[in-house]
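Reading through the structure tokens given below for one structure.
The values are calculated or read from the model by the stated rules, or taken from the named source; none is laboratory data. Note that the coordinates shown come from a computational prediction; the quantities given were computed from them, not determined experimentally. Note that each Cβ is placed from the backbone with ideal geometry, even for glycine, and that neighbours are counted across all protein chains shown.
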Amino acid sequence: MATTYDTIVSDVGAYWSMVSTDVPIIITTILSLIKQAAFDQSSQSKSLIDSIVSISTQYDALSVSLVVCIAFIYYSFTWSIIGNNCSKVDQIWSITPVVFAWLFYLLDGTNNVRVFTIAVLVTLWGSRLTFNFWRRGGYGNLLHHEEDYRWPILRQQINNPVLFYIFNLTFIASYQNLLLWFICLPIYVVSKQSQRSLTSGDVLVSVLFIVLLIFETLSDQQQWNFQNFKYSFSAEQRAKHANKDVRDGFLTKGLFTYTRHPNYFCEQSIWVAVYLFSVTSSDGQWLNWSVLGVVQLIALFAGSM
């Protein structure tokens, strides 16, 4: 165990040294390219997108993905202020992991079947979650949309615009986006392993991922049906309804018979499955540094329930 711990610490230190050097250079270069494209109309250089892609291929995928994460943080914080709504991260929660997964695949450049498989699975996860968030009215338009009920409560409790901006920047916009980046890091680990073709372990983990996705879909659908049924009655009618679940306001049938939050259980387990891809190859280790992401995700869910 001590050896495993030392290896994790060593890996984290090495990767931190790399990204802390590369990321400022990448950001500075991209900002310079954007400035040139915006103000130097006479420039005949390559298009901005082509230039950014060219820069990205010159650096390790971990550094490039962190720059993309920082861009998501900037977007989330800026638009939360403009729209006075801190749920911008919620809107991209199902999108950013898909971006990271395909980024790791494309920057790998070796037609890595294992990374491609994970990217496809994460895309299925993201598509389902995006649809579920959309039908709940979570997207609205650019400025006006549903906001997580916790943030207005915290605004009132903090009762200080400056302190809430700090909380918004550090936790809502930054930490949550970084968490989405962290839970995708096992895909990066897979891209660095010598094994390129699928292993029997990969197949088993893929099946596990799909089963969890099916159960998550079923639990969200059961919750959707129940909430629509519950709110088809007035508050007075709900209080006197023959169905105990309607009276109490909580679903206890179907998958919800076994756990209060079957969708949350499946969501966390799906990202445990993503981590398992990093240990199924011949050169994989049961415990590696990318486990930090899923550990943080589980801790966040535990703290919010």
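I need the helices (runs of 4 or more DSSP H) fully contained in the range 177-272, keeping only those with at least 1 residues that are β-branched (Val, Ile, Thr) and closer than 17 Å to Gly293 by Cβ.
The helices (runs of 4 or more DSSP H) meeting that bar are 185-192, 200-230.
Is it the case, given these coordinates, that Thr117 is within 22 Å of Ile73 (Cα to Cα), modelled with pLDDT of 95 or more and not aliphatic (A, V, I, L, M)?
No, not satisfied.
So, in the range 231-283, how many residues would count as being of a type in the set (A, V, I, L, M, F, W, C) and over 26 Å from the mean Cα position of the chain (by Cα)?
Qualifying residue count for the region: 7.
What pairs come out if I take residues in the range 53-74 that are more than 16 Å from Ile92 (Cα to Cα) and free of Cβ contacts under 8 Å to residues at least 12 places away in the same chain and pair them with residues that are surrounded by fewer than 17 Cβ atoms within 10 Å (Cβ to Cβ) and not aliphatic (A, V, I, L, M) whose C-beta lies under 8 Å away, six or more apart or interchain?
Final answer for the pair search is Ser54/Lys46.
Taking only the range 125-140 into account, find how many residues are under 15 Å from Glu267 (Cβ atoms) and surrounded by 14 or more Cβ atoms within 10 Å (Cβ to Cβ).
Number of matching residues: 7.
What single numbered condition from (1) surrounded by fewer than 18 Cβ atoms within 10 Å (Cβ to Cβ); (2) in contact (Cβ under 8 Å) with a residue 40 or more places away in the chain; (3) not basic (Lys, Arg) fails to hold for Glu267?
(1)
Every residue, every condition in (1) out of contact with any Pro (no Cβ under 6 Å at 6 or more places or on another chain); (2) more than 30 Å from Gln221 (Cβ to Cβ); (3) part of a helix (DSSP H, G or I), yes or no:
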site	(1), (2), (3)
Phe131	yes, no, yes
Glu146	yes, no, no
Trp151	yes, no, yes
Leu163	yes, yes, yes
